[in-house]
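A.B. asks: Would you mind keeping the following structure in view while I ask a few things?
The values are calculated or read from the model by the stated rules, or taken from the named source; none is laboratory data. What you are looking at is a predicted structure, and each value in this text was computed from that prediction instead of being measured. All Cβ positions, glycine included, derive from the backbone under ideal geometry; neighbour counts span all protein chains shown. SASA here: full protein model, heavy atoms, side chains in, ligands and nucleic acids out. Shrake-Rupley method; radii C 1.70, N 1.55, O 1.52, S 1.80 Å.
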Amino acid sequence: MVNAGDMNGSGNLMDFLDEPFPDVGTYEDFHTIDWLREKSRDTDRHRKITSKSKESIWEFIKSLLDAWSGWVVMLLIGLLAGTLAGVIDLAVDWMTDLKEGVCLSAFWYSHEQCCWTSNETTFDDRDKCPQWQKWSELLVSQSEGASAYILNYFLYIMWALCFAFLAVSLVRVFAPYACGSGIPEIKTILSGFIIRGYLGKWTLLIKTVTLVLVVSSGLSLGKEGPLVHVACCCGNFFSSLFSKYSKNEGKRREVLSAAAAAGVSVAFGAPIGGVLFSLEEVSYYFPLKTLWRSFFAALVAAFTLRSINPFGNSRLVLFYVEYHTPWYMAELFPFILLGVFGGLWGTLFIRCNIAWCRRRKTTRLGKYPVLEVIVITAITAIIAYPNPYTRRSTSELISELFNDCGALESSQLCDYINDPNMTRPVDDIPDRPAGPGVYTAMWQLALALVFKIVITIFTFGMKIPSGLFIPSMAVGAMAGRMVGIGVEQLAYHHHDWIIFKNWCRPGADCVTPGLYAMVGAAACLGGVTRMTVSLVVIMFELTGGLEYIVPLMAAAVTSKWVADAFGKEGIYEAHIHLNGYPFLDVKDEFTHRTLATDVMRPRRGEAPLSVLTQDSMTVEDVETLIKETDYNGFPVVVSKDSERLIGFAQRRELILAIKNARQRQDGVVSNSIVYFTEDPPELPPNSPHPLKLRRILNLSPFTVTDHTPMETVVDIFRKLGLRQCLVTRSGRLLGIITKKDVLRHMAQMANQDPESIMFN
């Protein structure tokens with residue numbers, strides 16, 4: 001018997017794996033990362049850099065550059081995300097107005113910009129100027145009359161169809177991952193799942209272009225959710241430029257968490273809300289360091305957007321409000337009612353939308369995504385045009401609903417009957433009886449509300465970029481404004497009632513309908529997404545209404561309670577389950593009294609567990625095992641008889657190691673012995689060179705005993721982000737539990753079909 005190391009005069013040849021080879025430590029598509037392993041690899045890398053930094057000045061400078069690379073990535077993400085958001089805002093403004101007319105002095109100006117530059121615009125007719133012409137004026141020289149209306153109507157529909165068709169075609173041909181809001185997938189990716197291409201350069205380009213097209217087409221969707229996806233694509237692009245992030249999937253996810261914060265920061269002009277949104281809603285692992293970096297990325301993104309100034313009002317906020325009256329305690333009752341409405345609308349929307357999306361996935365409807373988009377766009381445009389509140393862009397609609405009625409407002413919502421003897425300052429206008437314009441607006445708002453509720457259910461989830469924040473806020477703002485006007489008129493006509501007596505004197509400005517719209521918007525958005533803290537912060541950053549935090553909090557909490565009474569899932573979690581992504585939600589509770597032995601595989605009657613032995617299998621045996629099974633890894637045991645656990649080897653790394661060994665090491669053949677020990681086994685003379693694979697062996701796989709409660713196992717999987725966990729008894733291997741086994745078991749316990757939740 002001879003020692004294999006002596007046959008070559010040196011053991012170094014077998015240890016070629018001590019040098020890392022390409023692709024080791026990477027993951028295949030649609031697999032989950034091993035958080036513990038990524039963390040330990042980063043610690044090793046950091047230790048190596050620290051020890052080297054003491055050797056020379058150059059190494060010390062390299063260590064400083066490595067430490068600063070995180071902040072550089074955040075700066076680049078903020079700059080690019082802010083620039084893209086500004087460009088999208090400007091392009092959407094122009095293309096939305098293009099459906100109604102064109103600016104003759106400069107065709108790239110939107111309606112508002114066109115009339116700003118005109119010297120002939122008066123304050124009363126600030127929307128009218130000779131440079132801006134509707135299509136009927138340009139084509140048939142008529143601005144009024146039936147023929148002009150029909151021509152404008154027809155061209156409005158044609159432009160909408162053109163934009164929507166172009167968007168769905170671009171998504172279909174160039175970047176299928178650019179559809180939807182992206183937040184369910186971002187949540188799944190941040191939890192450790194790999195979806196290659198989802199955050200790629202093509203997805204970034206196509207999503208940015210198609211986002212402009214779909215929002216301009218007038219469909220009932222927003223750009224805010226997709227902007228989070230766009231910012232995460234920027235984060236993925238920049239992290240690939242730095243080896244610290246490109247070679248470590250765990251570190252990359254820290255960057256993506258911060259990028260999500262920058263996305264919300266530019267979507268709403270809410271940097272602090274963005275950081276809280278990333279923490280509360282999307283992130284899975286959020287260390288304190290990521291909090292600071294998210295804050296910095298959100299700050300840079302907001303600063304960049306402010307520099308571009310897409311809204312032209314020198315403000316970062318989307319819907320700036322300035323109310324002149326405080327709110328009163330008695331108003332908490334209607335605010336809570338709006339919270340109840342928001343919770344009910346959220347539940348209705350989630351159930352109907354998921355049912356429709358499931359139908360799309362399981363029937364022939366899903367085979368015609370282009371036709372579906374065209375039909376929904378045509379229906380939306382045909383119904384939306386006659387109603388002034390659905391014809392305009394949703395952001396403009398929300399802005400008008402949030403506004404307080406000043407003396408200079410020309411909106412129908414502000415058509416009150418004025419007292420000719422009133423001699424009060426302009427800002428403090430008392431409550432007045434509603435005029436005919438307000439009643440007309442109420443009818444139009446009621447119709448617009450029903451239309452928005454129905455059409456959004458069918459729009460969200462189509463094969464185009466589609467956000468849900470703005471449509472949800474529009475539903476709430478319309479309901480809130482109507483409630484606000486109702487309360488205002490009640491207070492005016494019945495100011496002697498006991499509830500109004502203490503705080504609403506005749507001739508006083510008591511009720512602000514715009515505030516009710518704001519509270520309603522927060523309630524509906526909370527009902528759909530189940531956000532609370534981040535929602536309230538986003539709402540007051542969005543509007544600048546800092547003193548109205550209590551009404552917003554009351555509505556947000558009420559809507560969450562009401563919606564949670566019907567089901568714990570928000571819209572994003574519901575879509576994650578619909579698509580079967582392996583996502584373990586931290587918010588879910590597991591209260592069943594099952595044990596690890598009930599869930600582990602193999603079960604009774606199943607084939608024994610596929611394992612590797614430490615020094616008795618040949619290369620051919622290992623290759624056969626890999627070929628005949630589709631497992632992601634194999635436990636390594638002392639021998640088939642003893643089944644004492646040594647470690648765990650990943651499938652991908654076994655394949656790469658054997659492939660590399662055949663190419664780079666002489667003498668490795670099919671009947672070479674594979675060993676995972678430190679020293680090679682004793683082999684008969686003239687036997688082929690053995691192959692040492694100790695380097696790819698995880699010597700400390702996570703193990704639990706067979707009597708560990710599943711409640712603990714689920715908690716371990718959630719908090720440590722495990723891929724799999726081995727089940728032992730007294731050191732002997734019994735079985736394995738993977739993340740998918742845990743998800744299947746949880747579905748089974750919740751009386752769901754366990755196979756329906758698996759990613760396909």
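A.B. asks: Kindly provide the GluC sites (Glu not before Pro) of segment 599-677 that DSSP labels as loop, not H, G, I, E or B, and whose Cβ sees at most 11 other Cβ atoms within 10 Å.
C.D. replies: E606
A.B. asks: Projecting each Cα onto the charge dipole of the chain (Lys/Arg +1, Asp/Glu -1 at the beta carbon, about the Cα centre), which of A521, A355, M478 comes out farthest on the positive side?
C.D. replies: The residue sitting most towards the positive pole is A355.
A.B. asks: May I ask you to list, by number, the DSSP H helices of the chain whose Cα span along the axis is at least 30 Å and whose average Kyte-Doolittle hydropathy reaches 1.0 or more?
C.D. replies: Within the chain the helices that satisfy the rule are 57-98, 146-174, 288-308, 436-459.
A.B. asks: Using Stokes-Einstein with the Kirkwood hydrodynamic radius over Cα pairs, what translational diffusion coefficient do you get for segment 176-239 at 20 °C and a viscosity of 1.002 mPa s, in µm²/s rounded to a whole number?
C.D. replies: Result for D is 180 µm²/s.
A.B. asks: Same structure, new question: Restricting to DSSP loop positions (anything but H, G, I, E, B) with no more than 12 other Cβ atoms inside 10 Å of their own Cβ, which chymotrypsin sites (Phe, Trp or Tyr not before Pro) remain in segment 47-146?
C.D. replies: F107, W108, F123
A.B. asks: What FRET efficiency comes out for L288 versus Q752 if R0 is 25 angstrom and r is the Cβ-Cβ distance? Round to the nearest 0.05.
C.D. replies: 0.10
A.B. asks: Moving to a separate point now. Evaluate E = 1/(1 + (r/R0)^6) for D588 and I549, where r is the Cβ-Cβ distance and R0 equals 25 Å; express this FRET efficiency to the nearest 0.05.
C.D. replies: Plugging the Cβ-Cβ distance into 1/(1 + (r/R0)^6) gives 0.25.
A.B. asks: While we're here: Mind checking the dipole of segment 97-174: about its Cα centre, +1 per Lys or Arg Cβ, -1 per Asp or Glu Cβ, Debye to the nearest 20?
C.D. replies: 420 debye
A.B. asks: Let me check I've understood the local charge: for K587, count other residues with C-beta under 12 angstrom from its C-beta, Lys and Arg +1, Asp and Glu -1. What total comes out?
C.D. replies: -3
A.B. asks: Calculate, axis by axis, the spread of Cα positions in the chain along the three principal axes, and write the results as whole Å, longest axis first.
C.D. replies: If we take the Cα atoms of the chain, the spans are 114, 58, 57 Å.
A.B. asks: Within 10 Å, at most 15 other Cβ atoms, and a DSSP state outside H, G, I, E, B define an exposed site. Report the longest part of the chain free of exposed trypsin sites (Lys or Arg not before Pro).
C.D. replies: With trypsin sites (Lys or Arg not before Pro) excluded where exposed in loops, the chain gives 316-567 as its longest stretch.
A.B. asks: Let's see if you can work this out: charge +1 on each Lys and Arg Cβ, -1 on each Asp and Glu Cβ, no other charges. What is the dipole magnitude of the chain about its Cα centre, in debye to the nearest 20?
C.D. replies: The calculated dipole for the chain is roughly 1560 debye.
A.B. asks: Now for a different question. Restricting attention to segment 549-643, which chymotrypsin sites (Phe, Trp or Tyr not before Pro) occupy a DSSP loop and are surrounded by at most 13 other Cβ atoms within 10 Å?
C.D. replies: none
A.B. asks: Using a 1.4 Å probe on the protein chains only, how many percent of the accessible area of the chain belongs to carbon and sulfur?
C.D. replies: 59 percent
A.B. asks: Follow-up. Ignoring everything except DSSP H segments at least 4 long, calculate the 222 nm mean residue ellipticity for the chain; use -39,500 (n - 2.57) per segment, divide by total residues, nearest 500.
C.D. replies: After summing the helix terms and dividing by residue count, I get -17500 deg cm²/dmol.
A.B. asks: I would also like to ask the following. Quick one: if the Förster radius is 35 Å, what FRET efficiency do S243 and D621 give, using the C-beta to C-beta distance and rounding to 0.05?
C.D. replies: 0.45
A.B. asks: Count the net charge of all other residues whose Cβ sits under 11 Å from the Cβ of P754, scoring Lys and Arg as +1 and Asp and Glu as -1.
C.D. replies: Combined, the nearby Lys, Arg, Asp and Glu give -1.
A.B. asks: Counting pairs of alpha carbon atoms under 8 Å apart in space and at least six apart in sequence, what relative contact order in percent does the chain give?
C.D. replies: Dividing the mean separation by the residue count of the chain yields 15 percent.
A.B. asks: Here's something else I'd like to know. For the chain, which cysteines have no second Cys with its Cβ under 4.7 Å from theirs?
C.D. replies: Singleton cysteines: C162, C179, C232, C233, C234, C352, C357, C524, C725.
A.B. asks: Could I ask something else about it? Just grab the label-to-label distance for S700 and I498, each label 7 Å out from Cα along the Cβ direction, in nm (one decimal).
C.D. replies: 6.9 nm
A.B. asks: What is the gain in length, in nm to one decimal, between A378 and T677 on full extension, counting 0.36 nm per residue of separation less the C-alpha to C-alpha distance?
C.D. replies: So the chain would gain 100.9 nm between A378 and T677.
A.B. asks: Let me ask something additional. Just to be sure I understand the model, the point goes 7 Å from the Cα along the line to the Cβ. What's the resulting F30 to N309 distance in nm?
C.D. replies: So the two model labels end up 5.0 nm from each other.
A.B. asks: Using 0.36 nm per residue of separation minus the Cα-Cα distance, give me the extension gain between S670 and T712 in nm, one decimal.
C.D. replies: Computed gain between S670 and T712 is 10.8 nm.
A.B. asks: Now a separate question. Order the following by accessible area, largest value first: T624, T188. Probe radius 1.4 Å; ligands, DNA and RNA are ignored.
C.D. replies: So, going from the largest accessible area down, we get T624, T188.
A.B. asks: Stretched out fully, how many nm does the piece from S56 to L447 gain, at 0.36 nm a residue minus the Cα gap?
C.D. replies: Between S56 and L447, full extension yields an extra 133.4 nm.
A.B. asks: So, how do all the Cα-to-Cα distances of segment 97-174 break down into 10 Å bins, in percent, from 0 on up?
C.D. replies: All Cα pairs, binned at 10 Å, distribute as 19, 38, 30, 11, 2 percent.
A.B. asks: Once you list every other residue whose beta carbon is under 14 Å from the beta carbon of G461, what net charge do they have if Lys and Arg are +1 and Asp and Glu are -1?
C.D. replies: After counting each charged neighbour, the total is +4.
A.B. asks: Take every DSSP beta bridge whose two residues both sit in the chain, then give the antiparallel share in percent to the nearest 5.
C.D. replies: Bridges in the chain that DSSP calls antiparallel: roughly 75 percent.
A.B. asks: Taking 10 °C and 1.306 mPa s as the conditions, I'd like the Stokes-Einstein D for segment 465-536 in µm²/s, using the Kirkwood hydrodynamic radius from alpha carbon pairs.
C.D. replies: Calculated translational D: 119 µm²/s.
A.B. asks: Pop a pseudo-label 7 angstrom from the Cα along the beta-carbon direction at both A565 and Y149 and give the gap in nm to one decimal.
C.D. replies: 4.5 nm
A.B. asks: Among W108, A67, I453, whose Cα sits farthest toward the positive end of the charge dipole of the chain (+1 at Cβ of Lys/Arg, -1 at Cβ of Asp/Glu, about the Cα centre)?
C.D. replies: A67
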